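The values are calculated or read from the model by the stated rules, or taken from the named source; none is laboratory data. All figures in this text were calculated on a predicted structure; none of them were measured in a lab. Counting neighbours? That spans all protein chains shown, and the Cβs are built from the backbone with ideal geometry, glycine included.
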Amino acid sequence: MKPKMMPFKSLITLSMLALSQFAVADEASLKKAVEAAYPKFKVQSVVKTPYAGLYEVFMGGQIIYTDEKLTFLIAEGRLVDPKSKKDVTGERLEELTKIDFNSLPLEKAIKVVKGNGSRKLVVFSDVDCPYCKQLERKELSNISDVTIYTFLYPIDQLHPDAANKSKTIWCASNRTKAWNDWIINNQLPSSAGNCEVPLEQVGELARKIGVTSTPTLIFSDGRRVMGAQPYKEIEKYLQSATKK
């Protein structure tokens, strides 16, 4: 009796399945190899790119590239598609570092409403960070119709007195006014700063979602941007987030 031949379509399906399982196994073994080489970091994902056998490894809040045998690492580099001129690394980082905006504990932030406040923006800010002051004075001052939630995130290694100033601002009778007076005019309130201040909780939140510097901006669609971005760029992000 002549054995039945498997349909060509089924052979293709099985071949694709085998390739898929091989790829998954390959990525899993590469993940183990990277974590063995860098035990202080947790690898969050490994994905093979369509570019010259490169693998994208997302760890420590950044993307690095390597081959399947971990014979080299490309760190702090940008992968750009030569045809579309698209910044592949930038787009992937934006996607991989998105935040669930609705899960953020906004009650632990200083709330400033500008105009009708219809759009939402979160900022992690250090009271003594010069770039945070630049962001407030030169960029956010040009934007309206937004509610800004500022998480006070003092970085002690850089600004030893920032935590004390943060407590003074948070414990003021009107912390919104106190924040604006300080960040715009360098005027601290006269409060003693002895109320319950959520600096530890904000610090834990920052570590959890990978905020490592100030200012860090998070938009309502979950995208994050670091640094004192020009107000026109911030406006573009706000408009884009509102459409989604």
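When you scan the range 145-167, do you find a residue that is touching a residue at least 24 places away in the same chain (Cβ under 8 Å), outside any strand (DSSP E or B) and in contact with a Phe, Trp or Tyr (Cβ under 6 Å, 6 or more places away or on another chain), even just one? Scanning the range 145-167, I find at least one residue that is touching a residue at least 24 places away in the same chain (Cβ under 8 Å), outside any strand (DSSP E or B) and in contact with a Phe, Trp or Tyr (Cβ under 6 Å, 6 or more places away or on another chain), so the answer is yes.
If you go through the range 154-163 one residue at a time, do you hit one that is within 18 Å of Ala206 (Cβ to Cβ), of a type in the set (S, T, N, Q) and surrounded by fewer than 20 Cβ atoms within 10 Å (Cβ to Cβ)? Yes, that holds for at least one residue.
Answer with yes or no whether Leu93 is under 30 Å from Lys32 (Cα atoms) and not in a loop (DSSP other than H, G, I, E, B). It is true that Leu93 is under 30 Å from Lys32 (Cα atoms) and not in a loop (DSSP other than H, G, I, E, B).
Those residues that are exposed (fewer than 11 other Cβ atoms within 10 Å of the Cβ) and on the phi < 0 side of the Ramachandran plot, I need them from the range 70-81; list them, please. Thr71, Phe72, listed by residue number. Restricting attention to the range 201-216, the residues that are of a type outside the set (S, T, N, Q) and more than 21 Å from Lys167 (Cβ to Cβ) total 3. Determine whether Val123 is assigned to a strand (DSSP E or B) and either among the hydroxyl-bearing types (Ser, Thr, Tyr) or surrounded by 14 or more Cβ atoms within 10 Å (Cβ to Cβ) (or both). In short, yes.
Within the range 30-60, the set of residues being surrounded by fewer than 15 Cβ atoms within 10 Å (Cβ to Cβ), under 19 Å from the mean Cα position of the chain (by Cα) and assigned to a loop (DSSP other than H, G, I, E, B) comprises Lys42 only.
One residue stands out among those in the range 164-202 that are among the small types (Gly, Ala, Ser) and farther than 16 Å from Ile110 by Cβ: the one that is surrounded by the fewest Cβ atoms within 10 Å (Cβ to Cβ), which is Ser190.
Taking first residues from the range 43-59 that are modelled with pLDDT under 90 and partners that are in a loop (DSSP other than H, G, I, E, B) and of a type in the set (D, E, K, R), the Cβ contacts under 6 Å between residues at least 6 apart in sequence or on separate chains come to Gly53/Asp67. Listed by first and then second residue, the pairs linking a residue in the range 210-231 that is crowded, with 20+ Cβ neighbours inside 10 Å to a residue that is among the basic types (Lys, Arg) and modelled with pLDDT under 95, with Cβ atoms under 7 Å apart and 6 or more places separating them unless they lie on different chains, are Thr216/Arg224; Leu217/Arg224; Ile218/Arg224. Residues in the range 82-105 that are surrounded by fewer than 14 Cβ atoms within 10 Å (Cβ to Cβ) and either of a type outside the set (D, E, K, R) or touching a residue at least 24 places away in the same chain (Cβ under 8 Å) (or both): Pro82, Ser84, Gly90, Asp100, Asn102, Ser103, Pro105.
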